[in-house]
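Visitor: Can you keep this structure in mind? I'll have questions shortly.
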Amino acid sequence: MIIKKRQLLMATLVLALAAAVFVNWYYTRPSVSTAANAESTTQAQAQDAANLGDARYVIATDVTLAQEESTDYFAAARLRRRTAHDEAAETLNDVIKDESADPDAVKAATVKLQALADTLVREGDLENMITAKLDCDCLVILNGEQAEVIVPKGALDAVSVVKIRELCVNHADCTPASVTMTELNN
């Protein structure tokens with residue numbers, strides 16, 4: 001009786017596997033078409049073949065390499081900036097948490113920590129707004145009332161300069177003369 005149950009189970013599994021193979025073949029088989037419909041089917045298959053799984057050689061152009069280099073620059077610069085800000089925040093937090101610290105020093109460290117946090121938020125917001133308006137990556141460095149904006153090569157023209165300056169004046173409390181824009185030299 002045990003052998004019959006095992007045989008029945010094996011037969012069921014073989015039938016299920018056969019059904020799966022048939023369904024796979026049915027939906028992936030080449031379709032039979034008439035002569036009038038053959039051309040459109042061939043074009044559709046050629047388009048599918050061109051998009052699905054084809055290996056293509058890609059020749060990197062200078063523009064692509066420049067974009068990759070500028071992306072690497074912006075990522076590295078953001079990492080350096082974040083590291084510097086984290087170290088400054090850690091130092092200020094150490095002063096604030098030190099029980100033996102002078103109350104005036106704690107108050108000054110608290111004010112500086114809040115200013116650092118505000119600067120971080122404004123830098124991030126400005127970078128997002130400039131990226132949205134210019135459709136390119138950028139790096140914003142705020143130092144008091146000074147703003148330095150770094151953009152990829154070819155991103156600055158008369159219109160983009162006005163847009164960047166307007167955003168910095170409106171959102172970073174800078175004067176138009178204190179906004180500096182720099183293009184990468186890639």
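Visitor: In nm, what is the difference between 0.36 nm times the number of residues separating R6 and N143 and their Cα-Cα distance?
Guide: On the way: separation 137, 0.36 × 137 = 49.32 nm, distance 7.81 nm.
Computed gain between R6 and N143 is 41.5 nm.
Visitor: Further, regarding this structure: A18 versus T131, label points 7 Å from Cα toward the beta carbon: distance in nm?
Guide: 5.8 nm
Visitor: Which order, highest average first, do 18-25, 158-165 follow once you tally other Cβ atoms within 10 Å for each residue and take the mean per peptide?
Guide: 158-165, 18-25
Visitor: Going by C-beta contacts inside 10 Å, put T180, T28, T12 in order with the fewest on the left.
Guide: T28, T12, T180
Visitor: In nm, what is the difference between 0.36 nm times the number of residues separating D72 and K112 and their Cα-Cα distance?
Guide: 11.3 nm
Visitor: With the calculation restricted to Cα positions, what are the radius of gyration and Dmax of the range 62-183 in angstrom?
Guide: For the range 62-183, the Cα-based Rg and Dmax read 17.0, 58 Å.
Visitor: Quick one: putting +1 on the C-beta of Lys and Arg, -1 on the C-beta of Asp and Glu, what dipole do you get for the range 120-186 around its Cα centre, in Debye to the nearest 20? List each step's numbers first, then the result.
Guide: Details: 5 positive and 11 negative charges, 25 e Å.
About 120 debye.
Visitor: From zero up to wherever the largest Cα-Cα distance of the range 104-171 sits, split into 5 Å bins and tell me the percent of pairs in each.
Guide: Over the range 104-171, the share of Cα pairs per 5 Å bin runs 3, 16, 27, 20, 12, 8, 6, 4, 3, 1 percent.
Visitor: Would you work out which of F74, S100, M129 lies farthest towards the positive end of the dipole of the range 62-183, given +1 charges on the beta-carbon of Lys and Arg and -1 on that of Asp and Glu, about the Cα centre?
Guide: M129
Visitor: Expressed as a rounded percentage, what relative contact order does the range 62-183 have, with Cα pairs under 8 Å and six or more residues apart? Before the final figure, lay out each step's value.
Guide: Values: 117 pairs, mean separation 24.7, N = 122.
Relative contact order, the range 62-183: 20 percent.
Laboratory data are not the source of any read-out in this text; all were calculated from the coordinates shown. The structure presented is a predicted model; accordingly, all values stated were derived computationally and were not measured. All Cβ positions, even for glycine, are placed from backbone atoms using ideal geometry, and neighbour counts span all protein chains on display.
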